[in-house]
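The values are calculated or read from the model by the stated rules, or taken from the named source; none is laboratory data. Computed from a predicted model, the values in this text were never measured in an experiment. Because the Cβ atoms are built from the backbone with ideal geometry, glycine has one as well, and the counts that use them run over all protein chains shown. Areas reflect the complete protein model, heavy atoms only, side chains present, ligands, DNA and RNA absent. Shrake-Rupley method; radii C 1.70, N 1.55, O 1.52, S 1.80 Å.
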Amino acid sequence: MDKDQNRISAKRVLFISFIVDLTDITLGVAVTILSGSVVMLSRALEGGADLASSGILLFGLKRSIRKADPAHPFGYGKELYFWALISALIMLTVTSTFTFYFGLERFLHPKTLDNTLLAYVVLIFTIITNGYALSLSVRRLLGRRPIIKIGSIFYQSSLIETKTAFVLDLMGTSASVVGLIALLFYGITGNGQFDGLGAMIIGAILALLSLTLLTAIKDFLIGRGVSVGTVESIKKAAKRVEHVHSVEDLKATHIGSGQILVNIEINAKNGLTTDELESFTDKVRAEIKKDLPQAEHI
């Protein structure tokens, strides 16, 4: 794991996301009451779902770091995948559905809004707060790698709690940006349908991002292997050890957030004594863990 990822902990990412979501729902409800805007209602709904999701993830993170026991010899790391799945399902089935429905109702039956200036201020504020939370998720996922690789890293990374927080914060930022644009068009034209249209677009964005997250979680739940690059890194590390002739077989899979199980079969020099074999296997483990600290079990 990259040093930058170590500096930004999963708990910090989720906690900041939780606080931002709490702010979103508080401001969203208040401004919805004052303005009557369904865009602001959609922000409140999105904030509420994100708040529930962040809370679920914090709970799942705490449970996933429990120590291994006879019933779970490789630990509880995969439990976080389950709670991330629940989080994504809430966003898809509840938030996006209600957001789109309320937007459609307003689009079909437009109304005049009040206090739109206050709504502008709140939306700009939530763009800033959600953007900051999003930047933490991005930095933890990327480490020192360039931002252009965020797509491939999002797909490959096993940091499921950070990936979920990334999607939550991206939802919050996108919803605020779309909401601000919709209300600006309403302010220019006076057409209340823009308020409904903005909420509908926000609902569609939430559904799309939720499905993206569900797809990523599914792969890890059913036992997704590590990337080709990680496999090659493990092989190179093992081959640095004296007496290793070749790596005959290698299987590695994710068993939790930032945790990998490695099963490696090595062809070694003939004639090694029992003590030499014990030292040999210890050296192989040490070399692999030097390059891949997240290899919890080898």
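Inside region 232-253, residues that are in contact with a Lys or Arg (Cβ under 6 Å, 6 or more places away or on another chain) and either assigned to a helix (DSSP H, G or I) or open to solvent by less than 50 Å² (accessible area, probe 1.4 Å) (or both) make up a count of 2.
Restricted to region 122-177, and to residues that are basic (K, R) and part of a helix (DSSP H, G or I), which residue is most open to solvent (accessible area, probe 1.4 Å)?
First, pick out the residues of region 122-177 that are basic (K, R): 139-140, 144-145, 149, 163.
With part of a helix (DSSP H, G or I) added as a condition, the list becomes 139-140, 149, 163.
On the way: R139: 118, R140: 18, K149: 102, K163: 0 Å².
Selected residue: R139.
Determine whether region 196-207 contains at least one residue that is within 29 Å of the chain's Cα centre (by Cα), more than 26 Å from T23 (Cα to Cα) and open to solvent by 20 Å² or more (accessible area, probe 1.4 Å). Among the residues of region 196-207, not one is within 29 Å of the chain's Cα centre (by Cα), more than 26 Å from T23 (Cα to Cα) and open to solvent by 20 Å² or more (accessible area, probe 1.4 Å), which makes the answer no.
In this structure, does R63 turn out to be basic (K, R), assigned to a helix (DSSP H, G or I) and open to solvent by 10 Å² or more (accessible area, probe 1.4 Å)? When the stated conditions are applied, R63 passes them. Selection of region 30-60 for residues being farther than 20 Å from T162 by Cβ and open to solvent by 70 Å² or more (accessible area, probe 1.4 Å) yields I33, L34.
Take F280 and tell me if it is under 22 Å from the mean Cα position of the chain (by Cα), assigned to a helix (DSSP H, G or I) and surrounded by 16 or more Cβ atoms within 10 Å (Cβ to Cβ). In short, no.
Restricting attention to region 212-250, the residues that are among the basic types (K, R) and either in contact with a helix residue (DSSP H, G or I) (Cβ under 6 Å, 6 or more places away or on another chain) or within 21 Å of T162 (Cα to Cα) (or both) total 3. Within region 72-96, the set of residues being in contact with a Phe, Trp or Tyr (Cβ under 8 Å, 6 or more places away or on another chain) and either open to solvent by less than 60 Å² (accessible area, probe 1.4 Å) or assigned to a strand (DSSP E or B) (or both) comprises Y81, W83. In the set (1) more than 17 Å from the chain's Cα centre (by Cα); (2) surrounded by fewer than 21 Cβ atoms within 10 Å (Cβ to Cβ); (3) under 26 Å from G203 (Cβ atoms), the condition left unmet by T99 is number (2). The set of residues in region 189-211 that are over 16 Å from T97 (Cα atoms) and in contact with a helix residue (DSSP H, G or I) (Cβ under 9 Å, 6 or more places away or on another chain) comprises N191, G192, Q193, F194, D195. The number of residues in region 149-182 that are out of contact with any Leu (no Cβ under 7 Å at 6 or more places or on another chain) and under 14 Å from R43 (Cβ atoms) comes to 7.
Scan region 97-116 and tell me whether some residue there is more than 19 Å from G36 (Cα to Cα) and either in a helix (DSSP H, G or I) or of a type outside the set (G, A, S) (or both). Scanning region 97-116 turns up at least one residue that is more than 19 Å from G36 (Cα to Cα) and either in a helix (DSSP H, G or I) or of a type outside the set (G, A, S) (or both).
A Cβ distance below 9 Å, combined with a sequence gap of six or more or placement on separate chains, defines the contacts here; from region 202-219, residues that are of a type in the set (K, R) reach no residue that is open to solvent by 50 Å² or more (accessible area, probe 1.4 Å).
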